[in-house]
1. If you scan segment A:48-65, which residues turn out to be more than 11 Å from chain B (Cβ to nearest Cβ), without any contact (Cβ under 8 Å) to a residue 24 or more places away in the chain and assigned to a strand (DSSP E or B)?
2. If you take the residues of segment B:7-32 that are under 16 Å from the mean Cα position of the chain (by Cα) and farther than 29 Å from B:H112 by Cβ, which of them is modelled with the highest pLDDT?
3. Can B:F67 be described as under 22 Å from A:Y48 (Cβ atoms), part of a strand (DSSP E or B) and not charged (D, E, K, R)?
4. If you take the residues in segment A:1-36 that are at the interface with chain B (Cβ under 9 Å from one of its Cβ atoms) and crowded, with 16+ Cβ neighbours inside 10 Å, which one is modelled with the lowest pLDDT?
5. Which condition does B:A87 not pass, out of (1) within 23 Å of A:T110 (Cα to Cα); (2) within 13 Å of chain A (Cβ to nearest Cβ); (3) surrounded by 15 or more Cβ atoms within 10 Å (Cβ to Cβ), if it passes all the others?
6. Among (1) over 26 Å from B:L48 (Cβ atoms); (2) surrounded by 15 or more Cβ atoms within 10 Å (Cβ to Cβ), where does A:Q104 come up short?
7. Sort out which residues of segment A:79-101 are more than 14 Å from chain B (Cβ to nearest Cβ) and either surrounded by fewer than 15 Cβ atoms within 10 Å (Cβ to Cβ) or at pLDDT below 95 (or both), and write them in order of number.
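The values are calculated or read from the model by the stated rules, or taken from the named source; none is laboratory data. It should be emphasised that the depicted structure is a prediction, and the values quoted were computed from it without experimental measurement. All Cβ positions, glycine included, derive from the backbone under ideal geometry; neighbour counts span all protein chains shown.
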Amino acid sequence: DAGVIQSPRHEVTEMGQEVTLRCKPISGHDYLFWYRQTMMRGLELLIYFNNNVPIDDSGMPEDRFSAKMPNASFSTLKIQPSEPRDSAVYFCASSFKPSAYNEQFFGPGTRLTVL
Amino acid sequence: AQSVTQLGSHVSVSEGALVLLRCNYSSSVPPYLFWYVQYPNQGLQLLLKYTSAATLVKGINGFEAEFKKSETSFHLTKPSAHMSDAAEYFCAVNRGGSYIPTFGRGTSLIVHP
């Protein structure tokens with residue numbers, strides 16, 4: 001398996017533009033997670049899905065952020081409109097059915113810069 | 001609620017020296033603990049995990065961690081640091097019931113020649 005795939009790896013955009021980040025989880029994993037990493041706040045869980053259904057989106061910072069998972073092999077995180085404070089590295093991760101033993105598998109991340 | 005505290009945002013060691021990265025947790029139920037490593041410009045990857053089978057857990061690249069319930073700690077160690085160990089290390093504890101991990105703030109390991 002190729003692991004968790006994220007695209008693009010780098011995104012530079014201007015304030016006010018729409019940004020869409022994409023993720024393909026590992027085949028067979030039931031859970032998908034979106035994280036944001038910044039120097040100031042560390043690693044933050046934004047939202048996670050179970051079998052394509054959003055379970056907890058309490059970490060989504062504002063209504064400008066939305067996430068979807070239309071099928072088991074694809075998810076998007078959208079920011080509209082984007083702001084400079086959204087600049088961060090966004091990670092997607094997936095895992096098997098949760099148990100005490102199941103770790104998360106992370107993608108390489110998307111580095112977003114909003115000018 | 002469960003949480004994890006990593007003492008020291010940066011740890012600097014010389015190549016060949018002992019590595020000790022500290023992690024303390026709080027948990028109202030028996031915890032499940034993980035150490036992840038993040039190399040520059042990469043995602044996190046699992047280093048080792050505590051599954052209650054043994055208190056001393058061995059991971060990849062010569063790292064190990066010891067679960068000490070009396071001290072609520074899960075410190076990560078490696079006898080001899082290598083330059084390639086320079087990375088960010090995250091301790092994580094799962095949330096009770098949902099098994100969703102809570103991550104610490106991370107410790108940056110710097111290895112000097």
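1. Selection gives A:V53, A:P54, A:F65.
2. At the first step, the residues of segment B:7-32 found to be under 16 Å from the mean Cα position of the chain (by Cα) are B:7-12, B:18-26, B:31-32.
This time we only want the ones that are farther than 29 Å from B:H112 by Cβ, so: B:25-26, B:31-32.
Values: B:Y25: 90, B:S26: 86, B:P31: 79, B:Y32: 84.
Among those that are under 16 Å from the mean Cα position of the chain (by Cα) and farther than 29 Å from B:H112 by Cβ, it is B:Y25.
3. Numbers: under 22 Å from A:Y48 (Cβ atoms): no; part of a strand (DSSP E or B): yes; not charged (D, E, K, R): yes.
Spelling it out, it is not the case that B:F67 is under 22 Å from A:Y48 (Cβ atoms), part of a strand (DSSP E or B) and not charged (D, E, K, R).
4. Here the answer is A:Y31.
5. Failing condition for B:A87: (2).
6. (1)
7. A:Q80, A:P81, A:E83, A:P84, A:R85
Residues checked against (1) within 14 Å of chain A (Cβ to nearest Cβ); (2) assigned to a strand (DSSP E or B); (3) of a type in the set (K, R); (4) touching a strand residue (DSSP E or B) at 6+ places or on another chain (Cβ under 8 Å):
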| position | (1), (2), (3), (4) |
| --- | --- |
| B:W35 | yes, yes, no, yes |
| B:A54 | yes, no, no, no |
| B:H75 | no, yes, no, yes |
| B:V93 | yes, yes, no, yes |
